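A.B. asks: Below you'll find the structure I mean.
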Amino acid sequence: MITLLYFARLREALGTGREELLLPSGINTLGALRAHLEQRGDAWAKEMAAGRNLRAAVNQSVAMADTPIKDGDEVAFFPPVTGG
Amino acid sequence: MSVRIHEQDFDVSAEMAAMRKDNPKIGAIASFVGVVRDINEGDSVATMTLEHYPGMTEKAITEIIDQARGRWEVLDALVIHRVGTLKPTDQIVLVIVASTHRGDAFAACEFIMDFLKTRAPFWKKEITPQGARWVDARVADDQAAERWKT
């Protein structure tokens, strides 16, 4: 299982802030996971689409499309940050 | 070095006094305070709610402080960032950097703030007369962080 977290605008659009997911076989990078989530359709298809400006983290470190993902990881998706 | 994320307000004077106490090597302390404005993108802001990513936010800011320590002499540094609901005139963020001399203190303080704006996972949602809206990231903030790369 991996833990998926969604924040801010993305959390509201998807209607959830957290889920546990059994990592499907063949999904081993952040980019592949994002494409997998996009396949859920509706809000997921819109929010996870390649053209959307989303940031991500794996185990609380900034991650890119080719960042590896394995069972037990904490993966977060979120909009560009606006603190300070 | 310390990073604190919480809802309650902070006392700049008390934090500075605590930093210089017991450390006679400190010759300069630079600070920055971010404050909630009543106007953003032309609309009046009644309140603002700040969300963060517990754990990653503290980690990201600690890494930014470590980078500053690699570039300048930083004897001590403190970052406090508030979360939850805030209103105009409220303090949002505090950065304090202590060094031997002012040049390093000023530079490290500005560096930490520029990277906090673009790297630390916080998100602002404003309540305006037109309703609630998530604040968009600003290109100017990315440019401010970029200029440190030279």
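The values are calculated or read from the model by the stated rules, or taken from the named source; none is laboratory data. Keep in mind that this is a model prediction, so the values were computed, not measured. Glycine also receives a Cβ, built like all others from the backbone with ideal geometry; neighbour counts cover every protein chain displayed. Protein only, heavy atoms only, side chains kept; ligands, DNA and RNA dropped before computing areas. Shrake-Rupley method; radii C 1.70, N 1.55, O 1.52, S 1.80 Å.
A.B. asks: Could you pull out every one of the aspartates and glutamates with an alpha carbon less than 16 Å from that of A:LYS46, ignoring same-chain neighbours closer than 8 positions?
C.D. replies: Qualifying aspartates and glutamates at Cα under 16 Å: A:GLU12, A:GLU38.
A.B. asks: If the only charges are +1 at each Lys and Arg Cβ and -1 at each Asp and Glu Cβ, what is the size of the charge dipole of chain A around the Cα centre, to the nearest 20 debye? Walk me through the intermediate numbers first.
C.D. replies: Details: 9 positive and 10 negative charges, 53 e Å.
Result for chain A is approximately 260 debye, rounded to the nearest 20.
A.B. asks: What is the average number of partner chain Cβ atoms found within 10 Å of a Cβ in B:118-128?
C.D. replies: On the way: counts 5, 4, 3, 13, 6, 11, 5, 4, 1, 0, 0.
Per residue, the number of nearby Cβ atoms from other chains is 5 on average.
A.B. asks: Same structure again: Any aspartates and glutamates with Cα under 16 Å of the B:LYS21 Cα? List them, leaving off those in the same chain fewer than 8 positions away.
C.D. replies: B:ASP11, B:ASP76
A.B. asks: Which Rg and Dmax, in Å, describe the Cα atoms of chain A?
C.D. replies: For chain A, the Cα-based Rg and Dmax read 11.8, 40 Å.
A.B. asks: Determine the shielding of peptide A:51-60 by partner chains: average, over its residues, the number of Cβ atoms on other chains within 10 angstrom of each Cβ.
C.D. replies: Working: counts 0, 0, 2, 0, 3, 0, 6, 0, 3, 9.
Average neighbour count from other chains, rounded to a whole number: 2.
A.B. asks: Could you work out the per residue convex hull volume over the alpha carbons of the protein assembly as shown, in cubic angstrom?
C.D. replies: On the way: hull volume 32.5 nm³, N = 234.
So the per-residue Cα hull volume is 139 Å³.
A.B. asks: Farthest toward the dipole's positive end in chain B, which of B:MET1, B:MET113, B:ALA137, given Cβ charges of +1 (Lys, Arg) and -1 (Asp, Glu) about the Cα centre?
C.D. replies: Sorting the options by dipole projection puts first B:MET1.
A.B. asks: Using +1 on the beta carbon of Lys and Arg, -1 on that of Asp and Glu, and nothing else charged, what's the dipole of the stretch B:100-150 about the Cα centre, debye to 20? Don't skip to the end; give the middle numbers.
C.D. replies: Values: 9 positive and 8 negative charges, 26 e Å.
Using Cβ point charges on Lys, Arg, Asp and Glu, the stretch B:100-150 gives about 120 debye.
A.B. asks: Treating cross-link reach as a plain straight distance, find the lysines whose alpha-carbon is under 19 Å from the alpha-carbon of B:LYS149, omitting any fewer than eight places away in the same chain.
C.D. replies: Here the lysines satisfying the reach criterion relative to B:LYS149 are B:LYS117.
A.B. asks: Sticking with this one: Probe radius 1.4 Å, ligands and nucleic acids ignored: give me the carbon and sulfur share of the accessible area of the stretch B:2-143 as a rounded percent.
C.D. replies: Details: 3430 of 6910 Å².
The nonpolar share, carbon plus sulfur, comes to 50 percent.
A.B. asks: Highest first, please rank the peptides B:95-102, B:83-90, B:118-125, A:70-77 by the mean number of other Cβ atoms sitting within 10 Å of their residues. Can you show the working numbers first?
C.D. replies: Details: B:95-102: 20.9, B:83-90: 14.1, B:118-125: 22.5, A:70-77: 16.0.
The densest-packed peptide leads the list: B:118-125, B:95-102, A:70-77, B:83-90.
A.B. asks: Carbon and sulfur together cover what percent of the accessible area of chain A at a 1.4 Å probe radius?
C.D. replies: Values: 2130 of 4100 Å².
Solvent-exposed carbon and sulfur of chain A make up 52 percent of the total.
A.B. asks: Related question: Just how large is the dipole of chain B about the Cα centre, in debye to the nearest 20, putting +1 at every Lys and Arg Cβ and -1 at every Asp and Glu Cβ?
C.D. replies: Working: 19 positive and 23 negative charges, 48 e Å.
Using only the charged Cβ atoms, the result is roughly 220 debye.
A.B. asks: What are the semi-axes of the equivalent ellipsoid for the stretch B:2-143, taken as the square roots of 5 times the Cα gyration tensor eigenvalues, largest first, in whole Å? Write down the numbers at each step before the final one.
C.D. replies: Values: eigenvalues 164, 49, 36 Å².
Working from the Cα gyration tensor, I get semi-axes of 29, 16, 13 Å.
A.B. asks: Let me check against my output: what whole-number percent is the relative contact order of the stretch A:1-76, with C-alpha pairs under 8 Å and at least 6 apart?
C.D. replies: Working: 115 pairs, mean separation 29.8, N = 76.
Reported as a whole number, the value is 39 percent.
A.B. asks: Considering only DSSP states other than H, G, I, E and B, which trypsin sites (Lys or Arg not before Pro) in the stretch A:3-55 qualify as loop sites with at most 14 other Cβ atoms within 10 Å?
C.D. replies: Details: sites: A:ARG9, A:ARG11, A:ARG18, A:ARG34, A:ARG40, A:LYS46, A:ARG52, A:ARG55; in loops: A:ARG40, A:ARG52.
Listed in order of number, the matching sites are A:ARG40, A:ARG52.
A.B. asks: Ok, one more. Averaged per residue, what accessible surface does the stretch B:26-99 expose to a 1.4 Å probe, in Å²? Please list the in-between numbers first.
C.D. replies: Working: 2980 Å² over 74 residues.
Averaged over the residues of the stretch B:26-99, the accessible area is 40 Å².
A.B. asks: What is the interface area between chains A and B, defined as buried accessible area summed over both chains with a 1.4 Å probe, reported in Å² to the nearest 100?
C.D. replies: Numbers: alone 5070 and 8460 Å², together 11650 Å².
Summing both chains' loss of accessible area gives about 1900 Å².
A.B. asks: Return one number: the angle in degrees, 0 to 90 and rounded to the nearest 10, between the long axis of the Cα atoms of helix B:56-71 and the longest principal axis of the Cα atoms of chain B.
C.D. replies: 40
A.B. asks: Output the relative contact order of chain B, whole-number percent, from Cα pairs under 8 angstrom with separation of 6+ residues. Please list the in-between numbers first.
C.D. replies: Details: 276 pairs, mean separation 49.2, N = 150.
Relative CO of chain B lands at 33 percent.
A.B. asks: A follow-up question, please. Could you tell me the relative contact order of the stretch B:72-117? Use alpha-carbon pairs under 8 Å, at least six residues apart, and round to a whole percent. Spell out each step's value before the answer.
C.D. replies: Values: 55 pairs, mean separation 19.1, N = 46.
Reported relative contact order: 42 percent.
A.B. asks: Over the whole of B:52-59, what's the average partner chain Cβ count within 10 Å per residue? Rounded to a whole number, please. Could you put the intermediate results ahead of the total?
C.D. replies: On the way: counts 4, 8, 2, 5, 10, 3, 1, 4.
Counting other chains' Cβ atoms within 10 Å and averaging over B:52-59 gives 5.
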